[in-house]
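J.: One structure, pasted below without further comment.
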Amino acid sequence: MSSHMNILVVDDDEMILEIFEDFLNSMDTRSVLTAKDGFEALDLCRNNKIDFCFTDLNMPGMDGIEFVKRVHQLDNTLPVVVMTGYPSADNAIATLKSGVVDFLVKPFKMEEIELTIRRVLEKRALFVENVLLKEELEGKERLQALNRELSDKIKDLKALNVILQEIDWVTSSSELFDLIVRLAAEITASDETHFYLVDENMRSWEPIASFYRKGREGDPCSQAWIQEILTRKMSDGTPLLMKDGHDDSLSGTQICSLVAVPLKIRWKIFGVLVGIIKDRSALFTEKDLHFLGFMSRRASFVIENAALYENIYQNLFATLYAFVEAIEARDPYTKQHSSRVTEFAISIGREMGCSDEQLDLLNFSGHLHDIGKIGIPDRILLKPGPLTDEEYEVIKTHPVIGAKIIGHLGLMAEEEKVIRHHHERWDGHGYPDGLKGESIPFLSRILAVADAYDAMASDRAYRKKIPDELIIKMVRENAGSQFDSEVVRAFLKVYQKGRIASGVTAFQPAPSGLKAKSMPLNTLQVAAPVHR
Ligand SMILES: [Fe+2]
């Protein structure tokens with residue numbers, strides 16, 4: 001308030017102008033500019049920084065009120081004080097409404113000029129402070145609103161993240177469908193959630209998975225009713241959001257809200273995810289629809305990817321196995337050796353408590369363990385008599401060649417290892433790497449026993465098959481030297497149960513499904529020949 005100010009005084013009475021000039025110019029902190037009418041005053045305002053203005057009310061050409069209006073078009077923050085005789089109440093109100101902040105009543109004393117300036121500036125300071133406080137308050141409220149919005153967004157992102165993480169880890173279609181009905185209940189207020197497989201025309205509905213919120217399990221909705229209403233309402237495959245009070249279909253039912261989203265692969269619907277809220281005031285929202293839509297798209301994507309991968313995997317496996325069969329078919333003594341070895345290995349693996357994943361690995365590796373023989377010259381591979389040392393060295397390269405073939409595919413790192421090491425020995429005297437004991441992959445140790453049994457139990461060009469009693473004796477004797485004793489123990493148990501050298505069936509590729517490497521283990525079989 002004490003800083004330097006440019007004060008404009010507008011009056012057609014030159015004496016008034018002189019009084020102001022004399023009084024204010026004597027003060028260090030005030031400079032006075034004067035104008036005899038509104039036009040001159042506006043010019044001064046355009047060309048100077050004016051901090052305060054006194055104006056007469058009655059002036060020729062442009063009265064004080066008109067001047068105030070115009071000067072506030074240039075600067076609406078300029079404090080303007082009107083100099084007038086005692087105004088009537090109506091005049092005073094009209095004048096103040098025009099933007100005048102105070103009156104200086106004529107005739108006035110000199111000191112009233114400075115007092116008016118101070119009073120106006122103090123009021124102005126209070127006003128500014130109030131405005132600032134108000135802005136601060138509004139700022140805080142805006143910040144709180146933004147915080148709430150941000151928290152909601154974080155919650156939404158967490159929900160989406162949970163969906164992504166959980167869905168990406170599933171390993172089977174049934175697990176996926178169980179997961180999406182559970183997640184749908186977690187991220188919405190659903191009492192019940194259901195997943196249906198549907199045909200492309202959405203005429204056939206097969207319930208696959210359901211989830212009931214704890215405490216809300218009683219009196220589940222009729223599946224027939226749900227399917228009937230979905231058939232009617234979702235015939236075009238668009239997501240559905242129904243709320244009691246907005247949709248007549250729900251009146252008189254136990255359902256107060258229903259949401260349904262389709263699952264599609266290549267734009268074709270194959271499933272529908274449904275959420276239901278019963279007998280409560282809660283209703284599904286557009287956000288629920290968004291979340292469930294996001295989840296259904298992700299689940300569809302995972303299913304499509306798995307199906308594509310499985311298709312590639314199956315085609316690849318079928319091609320590779322065709323190679324193996326072709327190799328084995330050239331030698332009547334080794335025909336179907338790999339199939340039998342696989343069967344034996346899986347029987348041993350089951351006895352040892354292998355997981356489904358390990359059994360899948362055994363299935364793949366067993367069928368392809370000798371694929372490396374494709375790189376062995378026929379003169380050695382098909383030689384009717386015993387091999388020379390040099391020839392045997394060539395034969396010994398087949399696990400490495402096989403592992404390389406599988407390794408180049410880039411999809412089967414575990415299978416590659418199992419195949420590479422199926423001729424290692426427990427005592428470290430095997431090939432190709434001379435691995436010892438538990439450093440040999442576990443499944444390779446199983447394959448080694450199965451492989452050796454089948455080799456001995458098959459006729460060869462240079463010998464007849466070895467009697468079973470003798471094979472069992474040899475296998476037992478080699479436990480702890482050639483073979484892993486634990487594997488031999490399991491082999492002997494399986495043998496005693498009659499599961500070795502059982503019936504033979506043709507190999508079938510894995511059926512379609514979510515599990516990428518799910519081979520139909522129960523359809524595997526046993527058969528013939530062996531390698532050296
Ligand atoms: Fe082999």
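The values are calculated or read from the model by the stated rules, or taken from the named source; none is laboratory data. Worth saying up front: this structure is predicted, and the values here are computed from it rather than measured. Note: ideal-geometry Cβ built from the backbone for every residue, glycine included; neighbour counts use all protein chains shown. SASA here: full protein model, heavy atoms, side chains in, ligands and nucleic acids out. Shrake-Rupley method; radii C 1.70, N 1.55, O 1.52, S 1.80 Å.
J.: R0 = 30 Å: FRET efficiency of Arg203 with Phe301, Cβ-based, nearest 0.05?
T.: About 0.75, to the nearest 0.05.
J.: Under unit Cβ charges (Lys, Arg +1; Asp, Glu -1), what dipole magnitude, rounded to 20 debye, does segment 214-265 have relative to its Cα centre?
T.: On the way: 6 positive and 7 negative charges, 44 e Å.
Dipole magnitude for segment 214-265 comes out near 220 debye.
J.: Helix 223-233 versus the longest principal axis of the chain: what is the Cα-based angle in degrees, 0 to 90, to the nearest 10?
T.: Between the helix axis and the principal axis of the chain, the angle is about 60 degrees.
J.: If you don't mind, another one. What does the convex hull of the alpha-carbon atoms of segment 251-316 project to on average, in nm²?
T.: Result: 5.6 nm².
J.: For Glu357 and Leu143 in the same chain, what is the full-extension length gain: residue separation times 0.36 nm, less their Cα-Cα distance, in nm? Each step should come with its number before you reach the end.
T.: On the way: separation 214, 0.36 × 214 = 77.04 nm, distance 5.26 nm.
Going from the current span to full extension adds 71.8 nm.
J.: Assuming a viscosity of 1.306 mPa s and a temperature of 10 °C, what translational diffusion coefficient in µm² per second does Stokes-Einstein assign to segment 393-478, Rh being the Kirkwood radius over Cα pairs?
T.: Approximately 114 µm²/s, per Stokes-Einstein.
J.: Of Phe195, Phe284, Ala94, which is farthest along the charge dipole of the chain in the positive direction, counting Lys and Arg as +1 and Asp and Glu as -1 at C-beta?
T.: About the Cα centre, the residue reaching furthest to the positive side is Phe195.
J.: Which residues make up the longest stretch of the chain clear of GluC sites (Glu not before Pro) that lie in a DSSP loop with no more than 15 other Cβ atoms within 10 Å, not counting the sites?
T.: In short, 218-532.
J.: In addition: Is it possible to state the helix-based mean residue ellipticity at 222 nm for the chain, with each DSSP H run of 4+ residues giving -39500 (n - 2.57), the sum divided by total residues, to the nearest 500 deg cm²/dmol? What is it? Intermediate results must be reported in sequence, preceding the final value.
T.: Details: 17 runs with 267 residues, N = 532.
When only DSSP H runs of four or more count, the value is -16500 deg cm²/dmol.
J.: Suppose every Lys and Arg Cβ carries +1 and every Asp and Glu Cβ carries -1, with no other charges. What dipole size does the chain come out with about its Cα centre, to the nearest 20 debye? Mind dumping the intermediate values first?
T.: Working: 63 positive and 81 negative charges, 721 e Å.
Result for the chain is approximately 3460 debye, rounded to the nearest 20.
J.: Still on this structure: Kirkwood-based Rg over Rh for segment 173-304 (C-alpha set), two decimals? Walk me through the numbers on the way to the answer.
T.: Values: Rg = 13.4 Å, Rh = 14.5 Å.
Here the Rg-to-Rh quotient is 0.93.
J.: How much accessible surface does Lys464 have with a 1.4 Å probe, in Å² rounded to 10?
T.: For Lys464, the solvent-accessible surface is approximately 150 Å².
J.: Per 0.36 nm of contour for each residue apart, how much would the distance between Ala224 and Phe127 grow if the chain were fully extended, relative to their Cα-Cα spacing? The partial results should precede the final answer.
T.: Details: separation 97, 0.36 × 97 = 34.92 nm, distance 6.93 nm.
So the chain would gain 28.0 nm between Ala224 and Phe127.
J.: Over 10 Å intervals from 0, what percent of Cα-Cα pairs in segment 108-217 sits in each interval?
T.: 11, 20, 19, 11, 9, 9, 8, 7, 5, 2
J.: Would you list which lysines come within 26 Å of Lys278, measuring only between C-alpha atoms, while excluding same-chain residues fewer than 8 positions from it?
T.: Lys155, Lys214, Lys233, Lys243, Lys287
J.: Hey, another quick one. Between Ile312 and Asn161, what FRET efficiency follows from the Cβ-Cβ distance if R0 is 25 Å, with the result rounded to 0.05? Write down the numbers at each step before the final one.
T.: Details: r = 29 Å, r/R0 = 1.16.
Calculated value: 0.30.
J.: Let me ask something else about it. Heavy-atom accessible area of Asp427 with all protein chains present, probe 1.4 Å, nearest 10 Å²?
T.: 40 Å²
J.: Moving to a separate point now. For segment 330-523, what is the charge dipole size about the Cα centre, in debye to the nearest 20, if Lys and Arg each add +1 at the Cβ and Asp and Glu each add -1 at the Cβ?
T.: Around 480 debye, computed over segment 330-523.
J.: By DSSP, what percent of the beta bridges with both residues in the chain are antiparallel, rounded to the nearest 5? Show your work: numbers first, answer last.
T.: Working: 28 of 47 bridges.
Roughly 60 percent of the DSSP beta bridges within the chain come out antiparallel.
J.: Name the residues of segment 195-216 whose amide N is less than 11 Å from a point 7 angstrom out from the Cα of Thr231 along the C-beta direction?
T.: 202-206
J.: Based on the Cα gyration tensor of segment 1-48, what are the three equivalent ellipsoid semi-axes, each the root of five times an eigenvalue, rounded to whole Å and given largest first?
T.: Values: eigenvalues 69, 42, 6 Å².
Values for segment 1-48, descending: 19, 15, 6 Å.
J.: Write down the accessible area per residue of the chain in Å², having rolled a 1.4 Å probe over the full set of protein chains.
T.: Details: 26950 Å² over 532 residues.
Accessible surface, normalised per residue, equals 51 Å².
J.: Roughly how tilted is helix 38-47, in degrees to the nearest 10 and between 0 and 90, from the longest Cα axis of the chain?
T.: Tilt of helix 38-47: around 40 degrees.
J.: Then there's this: So how far apart, in nm, are the two label points at His429 and Ala92 if each is 7 Å from Cα heading toward Cβ?
T.: Roughly 12.2 nm, to one decimal.
J.: Ile312: accessible area at probe 1.4 Å, nearest 10 Å²?
T.: Its accessible surface works out to 100 Å², give or take rounding.
J.: Could you state the orientation-averaged shadow area of the convex hull built on the Cα atoms of segment 330-523, in nm² to one decimal?
T.: Averaged projected area of segment 330-523's Cα convex hull equals 10.9 nm².
J.: In whole Å, how far is the Cα centre of segment 65-119 from that of segment 330-354?
T.: Centre-to-centre (Cα) distance: 107 Å.
J.: After finding the eigenvalues of the alpha carbon gyration tensor for segment 96-145, what semi-axes result from the square roots of 5 times each, listed largest first in whole Å? All intermediate terms of the calculation are to be shown ahead of the outcome.
T.: Numbers: eigenvalues 246, 27, 3 Å².
Output for segment 96-145: semi-axes of 35, 12, 4 Å.
J.: Taking every eigenvalue of the Cα gyration tensor of segment 5-129, multiplying by 5 and rooting it, what semi-axes result, largest first, whole Å? Could the numbers behind the result be given before it?
T.: Values: eigenvalues 66, 58, 52 Å².
Sorted largest first and rounded, they come to 18, 17, 16 Å.
J.: Something else about it: Provide Trp426, Trp267, Trp205 ordered by accessible surface of protein heavy atoms (probe 1.4 Å), highest first.
T.: Numbers: Trp426 65, Trp267 220, Trp205 25 Å².
Final ranking, largest accessible area leading: Trp267, Trp426, Trp205.
J.: With the crude spin-label approximation of a point 7 Å out along Cα→Cβ, what separation in nm comes out for Glu390 versus Asp22?
T.: Each label point lies 7 Å from its Cα, and together they span 13.4 nm.
J.: Taking the alpha-carbon centroid of each part, what is the distance from segment 216-237 to segment 145-205 in angstrom?
T.: What the calculation gives is 18 Å, centre to centre.
J.: Note down the Stokes-Einstein diffusion coefficient of the chain in µm²/s, whole number, using a Kirkwood radius over alpha carbon pairs, 10 °C, and 1.306 mPa s.
T.: Stokes-Einstein gives a translational diffusion coefficient of 50 µm²/s.
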